[in-house]
Structure formats: C-alpha cells, structure tokens
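What follows is one structure encoded as structure tokens, with my remarks underneath.
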Amino acid sequence: MNISDRSCPIFRRQVMVISDCSPEECSKWIRETFNLPEESEAGPCKDWSGGTIILQAPNGAKFYIVWVENSKDLNSIRHEALHLANSILDHADVEVTNHDTELHSYYGTYWIGQIEGAIKEGKKRASDKKRKKDPKRVRKTLRKRVG
C-alpha cells in the first residue's frame with residue numbers, strides 16, 4: 001500500500017492518493033483512519049480497479065481519496081483524476097459549460113499529473129527504508145486534522 005497526499009492551491013483541497021492495494025485493504029484503511037464503524041461501506045467496491053471517495057468530517061471538512069489498485073494502470077489513474085477534478089469543481093460551485101471547457105481540461109490535467117506524481121513519490125519512499133511512509137503515521141496525522 002502506497003499513500004501520499006496532494007493539495008490544490010486554488011480550491012484548498014487535500015487529497016490522499018492510495019495505490020497498490022486491494023479494495024478491501026483500502027476500505028479497511030479508510031474505516032480505521034476516519035474511525036468509521038466496521039459495517040461502514042466507505043471505500044471502493046470489490047470489483048473496482050480505482051475509485052474517488054469523498055468523506056465529510058463532523059466539522060464539515062471534505063476529504064478526497066483517490067485509490068487505484070494497480071499504479072501501472074494509467075487508464076484508471078486518469079479516469080479517477082477526472083472524477084476528482086469534477087468533484088472539486090462541483091463542491092466549489094464552479095459551473096463547467098459546453099462553451100467553456102478549458103477550465104475543466106486544465107484542472108483534470110493538473111490532477112492527472114498530481115496523482116501520477118504522488119504515486120511515484122510513494123513508491124520512492126517505500127523503497128527507502130528510513131523514510132517509508134507508514135499508513136499508521138498518516139492515519140495519526142489525518143486524525144489531528146479531523147479534530
């Protein structure tokens with residue numbers, strides 16, 4: 001399991017990128033990180049190869065999670081990046097029309113690059129035993145943000 005985070009300087013959104021784990025592992029990490037009950041359906045479905053998950057904390061903060069089962073699956077990465085871009089634009093009340101698709105195109109491309117970069121960064125950290133990003137440490141950091 002590789003975990004890395006990215007942020008959007010324009011809309012001030014935080015995004016966790018999770019890759020190279022099963023849907024069940026991802027769901028378990030989400031439930032444990034956000035203190036959700038075991039029966040919670042947060043996370044990807046078993047037959048998905050990727051997913052964009054949006055959780056809302058009690059304080060109203062939204063947490064965006066992009067998960068891809070296989071970090072070499074560029075189609076899934078790009079597909080989820082576009083879902084993420086659409087969701088963030090929608091939550092920011094930015095309307096995308098047929099006459100003005102440039103914003104959508106640029107923002108989708110931005111997230112494709114960010115997600116691919118986060119996956120590469122996560123793999124690099126995982127190969128460096130000293131700096132390996134422990135999912136439990138990430139969970140502790142996120143809990144502080146949720147309050």
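Odds and ends about this structure:
- Any hit, region 75-86, residues being farther than 21 Å from PHE11 by Cα, modelled with pLDDT of 90 or more and exposed (fewer than 13 other Cβ atoms within 10 Å of the Cβ): yes
- Residue check, SER105 over 19 Å from TRP29 (Cβ atoms), among the small types (Gly, Ala, Ser) and at pLDDT 85 or above: yes
- Condition met for ARG13 (surrounded by 15 or more Cβ atoms within 10 Å (Cβ to Cβ) and over 12 Å from the mean Cα position of the chain (by Cα)): no
- Residue in region 53-70 that is nearest to the chain's Cα centre (by Cα), counting only those that are within 23 Å of PHE34 (Cβ to Cβ) and part of a loop (DSSP other than H, G, I, E, B): GLU69
Each row is one residue, and each column tells you yes or no for (1) of a type in the set (S, T, N, Q); (2) over 19 Å from LYS123 (Cα atoms); (3) in a helix (DSSP H, G or I).
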site: GLN14; (1), (2), (3): yes, yes, no
site: ILE18; (1), (2), (3): no, no, no
site: TRP29; (1), (2), (3): no, no, yes
site: ASN35; (1), (2), (3): yes, yes, no
site: GLU38; (1), (2), (3): no, yes, no
site: GLY43; (1), (2), (3): no, yes, no
site: GLY51; (1), (2), (3): no, yes, no
site: ALA81; (1), (2), (3): no, no, yes
site: LEU89; (1), (2), (3): no, yes, yes
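- Looking only at region 53-70, and only at residues there that are of a type outside the set (A, V, I, L, M, F, W, C) and surrounded by fewer than 21 Cβ atoms within 10 Å (Cβ to Cβ), the one that is modelled with the lowest pLDDT: PRO58
- Only one of the numbered conditions (1) outside any loop (DSSP other than H, G, I, E, B); (2) surrounded by 16 or more Cβ atoms within 10 Å (Cβ to Cβ); (3) polar (S, T, N, Q) is not met by SER105, and that is (2).
- Candidates are the residues of region 1-10 that are of a type in the set (A, V, I, L, M, F, W, C) and in contact with a strand residue (DSSP E or B) (Cβ under 8 Å, 6 or more places away or on another chain); the one that is surrounded by the most Cβ atoms within 10 Å (Cβ to Cβ) is ILE3.
Conditions tested, residue by residue: (1) farther than 20 Å from GLU116 by Cα; (2) surrounded by fewer than 15 Cβ atoms within 10 Å (Cβ to Cβ); (3) at pLDDT 95 or above; (4) among the polar types (S, T, N, Q).
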site	(1), (2), (3), (4)
TRP29	yes, no, no, no
GLU32	yes, yes, no, no
PRO37	yes, yes, no, no
LYS72	no, yes, no, no
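The values are calculated or read from the model by the stated rules, or taken from the named source; none is laboratory data. In this text the structure is predicted, and so the values were computed from the model without any measurement. As a convention, Cβ positions derive from the backbone with ideal geometry for all residues, glycine included, and neighbour counts pool all protein chains shown.
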